[in-house]
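K.L.:
Got a structure for you, questions after.
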Amino acid sequence: MKRIGLLTSGGDCQALNATMRGVVKGLANACDELEVYGFLNGYKGLIYGDYRILDTREFSGILTKGGTILGSSRQPFKLMRVPDANGLDKVEAMKHTYHKLRLDCLVILGGNGTQKTANLLREEGLNVIHLPKTIDNDIYGTDMTFGFYSAVNIATEAIDCIHTTAASHNRVFIVEVMGHKVGWLTLYAGMAGGADIILLPEIPYDIDKVVEKINERSKAGKGFTILAVAEGAISKEDAALGKKELKKKMAADAQKYPCVSYKVAAEIQEKTGQEIRVTVPGHTQRGGSPCPYDRVLSTRYGAEAARAIMDADYGCMIGLVDGKMKRVPLGECAGKLKTVDPKSSIITEAKMTGISFGD
Ligand code: F6P
């Protein structure tokens, strides 16, 4: 008999349902009896005891379904130790729900912040397993997060569509890609979509270099240029500022521009006099059905989580390392970020084919 809790926390993405399906199917086939408690809307459900007992049949037919059948919410890690508006101790409340339901394990699907709370619960003595979800692919300890490739597909499609119109109109186009503080999604979608310039948070850009590339293309008779700009892209000057000054500068920029791409567009326009158009696919990147790669990856993550539960091996994140499923101790990965290394071979190869990173 196994009694498990499931929750999905943070921004949603494709393949959350596919992953939970993998966990439940894996366990249902491995143990005689299984009880599944689904906490609603992320950690909120665990804090306030808001859950549903789920029949294993509810996990059939959801492999291809985007979003999360449990709902999700953002519960910042830094506020977990801060009592709620009614003075409730959230950590104690989560422990209470867990013990009241006599759970064997809590399976937590989420990104970096979610992982930090999962680690906190582990430190508080709960059995937890974390499954790495995010379109940003920024979770340390795993080569790949689920959701990433589905989002790459959507962002690439956006760039593909812009390509045909950019070519018809001889314009400079910017497609802004999500990814929070890291550039994985922009790098992959930019390369897959044939972007000419890719701006990442990890490689601060020099606007003169960006303009140089645009001019070089114009001189070569290429009337259009496509930029894939990460939402966290930053200029060299801004990257050189101290923390306080940067915060001030960013607040001032936020008054002027809806997001970083409009700033880059204004800078290019000022220097070239060219017409620039900005496209922001935004949350479409997290939506829809998971791509086949993510369906396979999530099924593997789910099955390995089931295996770990059968082994009573808790306190870990299931990661993909060198093509294999690995149980990574939460204490080793929580609180760390996986960023793009500007010196990595993928960046060199992109540069070899003519892509400019504005550096
Ligand atoms: O972490 C996933 C993500 O989509 C990031 O790429 C983005 O910065 C953020 O979430 C957006 O968050 P929200 O949905 O809260 O606007």
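K.L.:
Among the residues of the stretch 81-94, count how many are touching a Leu at 6+ places or on another chain (Cβ under 8 Å) and more than 18 Å from Leu40 (Cβ to Cβ).
P.N.:
Counting residues in the stretch 81-94 that are touching a Leu at 6+ places or on another chain (Cβ under 8 Å) and more than 18 Å from Leu40 (Cβ to Cβ) gives 1.
K.L.:
What residue, among those in the stretch 184-193 that are more than 13 Å from the ligand (Cβ to nearest atom) and touching a residue at least 60 places away in the same chain (Cβ under 8 Å), is surrounded by the most Cβ atoms within 10 Å (Cβ to Cβ)?
P.N.:
Ranking the qualifying residues of the stretch 184-193, first place goes to Gly190.
K.L.:
Taking the conditions exactly as written (within 24 Å of Arg327 (Cα to Cα) and either in the same structural domain as Pro329 (by TED's automatic domain parsing) or not in a helix (DSSP H, G or I) (or both)), does Leu131 satisfy them or not? Show your work before the answer.
P.N.:
Values: within 24 Å of Arg327 (Cα to Cα): yes; either in the same structural domain as Pro329 (by TED's automatic domain parsing) or not in a helix (DSSP H, G or I) (or both): yes.
Judged against the criteria, Leu131 is a match.
K.L.:
Output the number of the condition that Lys181 fails; it satisfies all remaining conditions of (1) of a type outside the set (Phe, Trp, Tyr); (2) more than 15 Å from the ligand (Cβ to nearest atom); (3) surrounded by fewer than 17 Cβ atoms within 10 Å (Cβ to Cβ).
P.N.:
(2)
K.L.:
Right, next: Search the stretch 46-60 for residues that are at positive phi and pair each with any residue that is modelled with pLDDT of 95 or more and open to solvent by less than 60 Å² (accessible area, probe 1.4 Å) when their beta-carbon atoms are under 8 Å apart and the residues are at least 6 apart or on different chains.
P.N.:
Short answer, once both residue conditions are applied: Gly49/Ala93; Gly49/Thr97.
K.L.:
Could you say whether any residue in the stretch 103-117 is surrounded by fewer than 22 Cβ atoms within 10 Å (Cβ to Cβ), assigned to a loop (DSSP other than H, G, I, E, B) and not acidic (Asp, Glu)? Even if it seems obvious, please write down each step before you answer.
P.N.:
Narrowing the stretch 103-117 to residues surrounded by fewer than 22 Cβ atoms within 10 Å (Cβ to Cβ): 103-104, 113, 116.
Pick out the ones that are also assigned to a loop (DSSP other than H, G, I, E, B) and you get 103-104.
Okay, now just the ones that are also not acidic (Asp, Glu), so 103.
Yes.
K.L.:
Among the candidates Thr68, Thr97, Thr64, which residue alone is away from the ligand (no atom under 16 Å from the Cβ), in a loop (DSSP other than H, G, I, E, B) and among the polar types (S, T, N, Q)? Talk me through it step by step, then tell me what you get.
P.N.:
Values: Thr68 fails: away from the ligand (no atom under 16 Å from the Cβ); Thr97 fails: in a loop (DSSP other than H, G, I, E, B).
Result: Thr64 is the single residue among Thr68, Thr97, Thr64 that is away from the ligand (no atom under 16 Å from the Cβ), in a loop (DSSP other than H, G, I, E, B) and among the polar types (S, T, N, Q).
K.L.:
Here's something else I'd like to know. In this structure, is Pro281 crowded, with 22+ Cβ neighbours inside 10 Å and within 16 Å of the ligand (Cβ to nearest atom)? Walk me through how you get there before you give the answer.
P.N.:
Working: crowded, with 22+ Cβ neighbours inside 10 Å: no; within 16 Å of the ligand (Cβ to nearest atom): yes.
Criteria not met by Pro281.
K.L.:
Name every residue in the stretch 284-313 that is within 16 Å of the ligand (Cβ to nearest atom) and in a loop (DSSP other than H, G, I, E, B), in order of residue number.
P.N.:
Let us first name the residues in the stretch 284-313 that are within 16 Å of the ligand (Cβ to nearest atom), namely 284-288, 290, 294.
Gly287, Gly288, Pro290 - these are the residues of the stretch 284-313 that are within 16 Å of the ligand (Cβ to nearest atom) and in a loop (DSSP other than H, G, I, E, B).
K.L.:
Residues in the stretch 212-229: is at least one within 16 Å of the ligand (Cβ to nearest atom) and closer than 22 Å to Ala167 by Cα? If you could, list the steps in order and put the result at the bottom.
P.N.:
Within the stretch 212-229, the subset within 16 Å of the ligand (Cβ to nearest atom) is 228-229.
Those still in the list that are closer than 22 Å to Ala167 by Cα too: 228-229.
Among the residues of the stretch 212-229, at least one is within 16 Å of the ligand (Cβ to nearest atom) and closer than 22 Å to Ala167 by Cα, which makes the answer yes.
The values are calculated or read from the model by the stated rules, or taken from the named source; none is laboratory data. Small disclaimer: the values here were computed from a predicted structure and weren't measured. Every residue, glycine as well, gets a Cβ built from its backbone with ideal geometry; the counts of neighbours run over all protein chains shown. Accessible surface is based on the protein model in full, side chains and every heavy atom, while ligands, DNA and RNA are left aside. Shrake-Rupley method; radii C 1.70, N 1.55, O 1.52, S 1.80 Å.
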